[in-house]
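Each reported figure results from applying straightforward, stated rules to the coordinates on display, with no laboratory input. This structure is a prediction, so every number in the text was calculated from the model and none was measured. Virtual Cβ from ideal backbone geometry, glycine too; neighbours counted across all protein chains shown.
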Amino acid sequence: MTFGFAPSAASAAASAPMSADSANRFGRILEPAEWAAAGIPLLRNPREVVSGLHARHRPTPTTAVVAVLDHEERLAASASFTRRAAPADGWEFRNALLAHLRRVIPHDLRRRAPVRTAVLLYCRDGDERWTEEDGAWMWGLRDACTLHGLRCGAYITLTRGGWQVLGEGRGGRRPSSTSGPGSLADAENELAAPLPLRSGTGAVEMLRRTAAR
């Protein structure tokens, strides 16, 4: 797996003076090292989670799927929505995620510690490299979980090349952003295949070393 930073219009214009609104948006982004340092719990079977969400919601590019898992990693609730055509902003993403979480599951704010975990699957164009848009979704997911009493879980991208749990190096080729509609039975059959560990370049170790500095 290659790991890096994908170019964006925002980074290309970094040398130009930024408005206050642009500066605020850049402040609402989590860098990969910050995400690695946040102690995000690992999914026991990410293939099952991704295949199940893909079969239920059939996401296409710019579709976000937020799901809540119980302590045994069973799906408790999920919702999908299409991202608005606007600059990536973690605050806007947080509000959208929180609104959909409130519609599908009660909050856990009265508990001493979170027992359920929210994960986010985002289908987008481009390759598997981290982008500022990914960073904004990460910020939004973490904040929405805090406000809804949930544990912040994995952020997963779905692109033409397949799916990837960002920051972990785990992923697979199916499903992808171009995969046809599947069934829940197909999703269960996927579990029989071995899960590839896409960390050939040491992306996870690199993130953890960076976060520890």
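Farthest towards the positive end of the charge dipole of the stretch 112-173, among the residues V115, G126, Y155, is the Cα of V115, using unit charges on the Cβ of Lys, Arg, Asp and Glu.
Placing unit charges on the Cβ atoms only, positive for Lys and Arg and negative for Asp and Glu, gives the stretch 25-147 a dipole magnitude near 580 debye about its Cα centre. For R28, the residues 5 or more places off, or on other chains, whose built amide H falls under 5 Å of its own are G90. Only the Cβ atoms of Lys and Arg (+1) and of Asp and Glu (-1) were treated as charged; on that basis the dipole of the stretch 114-162 about its Cα centre amounts to roughly 300 debye.
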